[in-house]
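Each value in this text was obtained by applying a stated rule to the coordinates, not by laboratory testing. Computed from a predicted structure; not experimentally measured. Don't worry about glycine lacking a Cβ; one is built from the backbone with ideal geometry, like all the others, and counts go over all protein chains shown.
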Amino acid sequence: MRARALVGAALLAACSSVTPPGLVLDVGRTCEDIALAIADPDVLPGWKIHAAALARSDEDPAWYLASDNPDELALRRVPEDMPGVDLSALGGPHEFTLTRGPIEGQVWLTLDREDEARLWRVDEAGETMLAGPQLTGFPADTSTGWIRRLVFLGQSPHLIALPRTTRVGEVPVHMAAVSPELALGERWTLTAEVSCAPLSELNCPLLWEDLRTLTVLDVAEPGSVAGAALLVSIASLGEQPDPQMPPMFQTHIISLTVQRDPSAERPLLTRRDHVAWSTDGPVLPSPAQIAADPLGIYVLAGLVPAPDSSGANATTADYLFRADVLGAGTSGDSGVIALLGKDLRSHLLQLGSRVAIGQRTGDWWHVAPIEGVTIEEGIVGSLEVGDRVTLLRAGRGQVVVVGDAKPSRRVRIACADPDDGSETGGL
């Protein structure tokens, strides 16, 4: 039976009771409902899929980071009309990031290792794949290790670097333009600094001197925001100033947006502090996702126990935050719009210029768009996917469902056909 609402979306705030006309996808259709349809029922049989990226919105070619045994890793296209590339000797799956580009037909692969980075660009229109040179010495600062991610300002690619260890209140950010040959051009050094209220010296993170671990949790889909948006966690190690007291762990969830500033010589960096959690044991951010529509960014965040910790340290709910894209960039302009039960396994989806939230209850997957601070529970798509599966976002409104001892399936999120009496599909 079709689910007509997302279970447990307890909204905490709303700014308007006006119902929008419906979900507008990139093709310009206004949807009265959404459908989850299987675009490929058996993706790369026998291979383990680690990441996926759709090349075009209106066609089926997709690229996959996949392995058929623990020692072999490749970038492969389905259908195989273009040759892939063997990555086995270059790094492990966790060292690669695969993403669609803001230009239709382009897919990008990034290698990020301790001492180097490297880029690949797939151009479907020209049926070419360009492999860039080894990128070393970026940033030049060797006092810490760096995490590098590919981002886009408009259609222009840039490499951004964040330190693996940092003070929580002041994070150095390095950016470099990427040339057509995939080398690095003009470079900038920025600072993501927290804003503290007056007379808040005792609890202002800007004044904390200890180093903490930084992790890049997610990067918004290219083209979803005017610039780039990243979700970051900064976590302290267990601190035990008094041996009689238990150690305390702090996890800060922040977002960074980078935009062009025509009046300045460098990109504009905005930091937003969404939440800071204190726990008595090690935790991991999960879920941890970011998405954007033309007016705002959305962050979905929660905590789960680390492998060596107890369940008492997890958050009891997942938090959905929203902040205006043109906001002041302080913690005050980021508000919680929903608390979602952990058992709902919530996640964010980018549907063109719209954001949607997905939830899994039992064997079923439900998806509904978000309008401002409202989850549109009257516009829901549902699909039976099985309980033990992983959902890999492939960009351009598509998701790859892997696991559950069944073939990996690529699912397209689109407008429901009003002439089709069937409201759901099974796998």
Checklist entry - Nearest 20 debye, what's the magnitude of the dipole of the range 78-237 about its Cα centre given +1 on Lys and Arg Cβ and -1 on Asp and Glu Cβ? => result 340 debye
Checklist outcome for this item: Within the under-9-Å Cβ sphere about Tyr64, not counting Tyr64, Lys/Arg +1 and Asp/Glu -1 give a net charge of +2
Item to check | Thr142-Glu193 pseudo-label distance in nm [points 7 Å out on the Cα-to-Cβ vector] | outcome: 2.9 nm
Item to check | Order by protection proxy (mean Cβ within 10 Å, highest first), peptides 315-322, 346-353 | outcome: 346-353, 315-322
Item to check | Electrostatic dipole magnitude of the range 43-128 [Cβ: Lys, Arg +1; Asp, Glu -1; Cα centre; debye, to 20] | outcome: 160 debye
Checklist outcome for this item: Binned at 5 Å starting from 0, the alpha-carbon pair-distance distribution of the range 279-385 in whole percents comes out as 2, 13, 20, 21, 19, 13, 8, 4, 0
Checklist outcome for this item: Ranked output for segments 71-79, 270-278 by mean other Cβ atoms within 10 Å, highest leading, reads 270-278, 71-79
Next on the checklist: Taking θ = phi - 60°, what integer Hz values does the Karplus form 6.51 cos²θ - 1.76 cosθ + 1.60 yield along the range 126-138, in sequence order, with x for Gly and Pro?
Outcome noted: x, 6, 10, 10, 9, 9, x, x, 5, 9, 10, x, 10
Checklist entry - For the range 273-394, with only Lys/Arg (+1) and Asp/Glu (-1) charged at the beta-carbon, what is the dipole magnitude about the Cα centre, in debye rounded to 20? => result 200 debye
Checklist entry - Could the peptides 47-55, 359-367 be put in order, highest first, of the mean number of other beta-carbon atoms found within 10 Å of their residues? => result 47-55, 359-367
Item to check | Separation in nanometres of the label points that stand 7 Å from Cα toward Cβ, at Glu32 and Asp308 | outcome: 5.8 nm
Checklist outcome for this item: Cβ-Cβ cut-off under 15 Å around Leu119, Lys and Arg +1, Asp and Glu -1: the net charge is +1
